[in-house]
Amino acid sequence: MTPLLTSENVRLYYGENEALHGVDLDFDKNQITALIGPSGSGKSTYLRSLNRMNDLIPDVTITGTIKLDGDDIYAPRVDVVELRKKVGMVFQQPNPFPFSVYENVIYGLKLAGEKDRQLLDQRVEESLKSAAVWEETKDHLHDSALSFSGGQQQRICIARVLAVKPEIILMDEPTSALDPISSSKIEDTILALKKVYTVAIVTHSMHQASRISDKTAFFLDGKLVEQGPTEKIFLNP
Ligand code: ADP
Ligand code: ADP
């Protein structure tokens, strides 16, 4: 299988402080990869290097090679806005914009200049359906996204990412701010997404990793200490 995204010898420094000590990890198409490990082990830092979110932090230096479809994402010609459409991100805290569900979902498409109302309507429906939040929102598309529950807001955020048709979706503890029922609904949604998408998910929950991921990567002190098929990682004590 050819991986969609590859990373080789990724080192990242916050100022003088080396937070990632040479990480090699590949992400296969239509697979869910879980990044696990203790707090402070570098999971979020690594995840944020995959869509260049770390570029926003002053004094960050990153070395190594990260490629999407064989193209170096840190090459000088890379358009970071375009990159972040291909490499979408969902955060721990649901963060819909303070406007309607509809406007949230079409945000990326509008930025790209899309004005075809029919296409936008269709993409809104498709994306909300894929994020399993269509039934709850279809009669309230013009209500504020903030009027929905935390779990629904997170699924609206997932729909917002899906609407621009990313190649890979990065999720940073997407369920840890939610109650158990909302969490398990989001897990089901993530499992269904892998038919079409590729997912990298940071989680502190071993249970979640073993339930939804195909591959698990274990971080410790800024190093990737173990990786492999999830069933093998969780069988070996
Ligand atoms: P995890 O996601 O596994 O909890 P992080 O990637 O958040 O780990 O953190 C890894 C290390 O990098 C920690 O020592 C943390 O304090 C440090 N770190 C994370 N973000 C920053 C930042 N913006 N500036 C400086 N150090 C940071
Ligand atoms: P998490 O473990 O959920 O990633 P943290 O509490 O480690 O969250 O970090 C929250 C935010 O603070 C992140 O944006 C991270 O980059 C930043 N951060 C973490 N450690 C440091 C640090 N040592 N110096 C500056 N910013 C940091």
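The values are calculated or read from the model by the stated rules, or taken from the named source; none is laboratory data. As the structure is a prediction and not an experimental result, all values here were calculated from the model. Cβ atoms come from the backbone with ideal geometry, glycine included; neighbour counts cover every protein chain shown. Ligands, DNA and RNA are stripped out before the accessible areas are found, and what is left, the full protein with its side chains, is counted by its heavy atoms. Shrake-Rupley method; radii C 1.70, N 1.55, O 1.52, S 1.80 Å.
When you look at V10, is it among the β-branched types (V, I, T), over 21 Å from D172 (Cα atoms) and either modelled with pLDDT under 95 or open to solvent by less than 60 Å² (accessible area, probe 1.4 Å) (or both), yes or no?
When the stated conditions are applied, V10 does not pass them.
Mind checking which residues of segment 22-41 are within 6 Å of ligand 1 (Cβ to nearest atom) and over 13 Å from E173 (Cα atoms)?
Correct list: G40, S41.
So the check is Cβ under 7 Å with 6+ separation or different chains; which pairs have a first residue in segment 34-63 that's on the phi > 0 side of the Ramachandran plot and a second one that's part of a loop (DSSP other than H, G, I, E, B) and near ligand 1 (Cβ under 9 Å from one of its atoms)?
Short answer, once both residue conditions are applied: G42/G222; D59/G15.
Quick one: is V133 of a type outside the set (K, R), closer than 30 Å to S39 by Cβ and free of Cβ contacts under 8 Å to residues at least 60 places away in the same chain?
yes
Mind checking which helices (runs of 4 or more DSSP H) fall wholly inside segment 162-237 and carry at least 3 residues that are touching a helix residue (DSSP H, G or I) at 6+ places or on another chain (Cβ under 7 Å) and crowded, with 19+ Cβ neighbours inside 10 Å?
Fully inside segment 162-237 and qualifying: 180-193, 206-212.
Of the numbered conditions (1) buried (at least 16 other Cβ atoms within 10 Å of the Cβ); (2) within 16 Å of ligand 1 (Cβ to nearest atom); (3) polar (S, T, N, Q), S100 satisfies every one except a single condition; which is it?
Here S100 meets the rest and fails (2).
Name, by its number, the condition in (1) of a type outside the set (A, V, I, L, M); (2) under 30 Å from K232 (Cα atoms); (3) modelled with pLDDT under 95 that does not hold for T33.
Tallying (1) of a type outside the set (A, V, I, L, M); (2) under 30 Å from K232 (Cα atoms); (3) modelled with pLDDT under 95, T33 fails exactly one: (3).
Name every residue in segment 177-208 that is of a type outside the set (S, T, Y), touching a strand residue (DSSP E or B) at 6+ places or on another chain (Cβ under 8 Å) and more than 16 Å from ligand 2 (Cβ to nearest atom), in order of residue number.
Within segment 177-208, I190, L191, L193, K194, V199, M206 qualify.
Residue by residue through segment 99-114, note down the ones that are part of a loop (DSSP other than H, G, I, E, B), without any contact (Cβ under 8 Å) to a residue 12 or more places away in the chain and in contact with a helix residue (DSSP H, G or I) (Cβ under 9 Å, 6 or more places away or on another chain).
Result: E114, single match.
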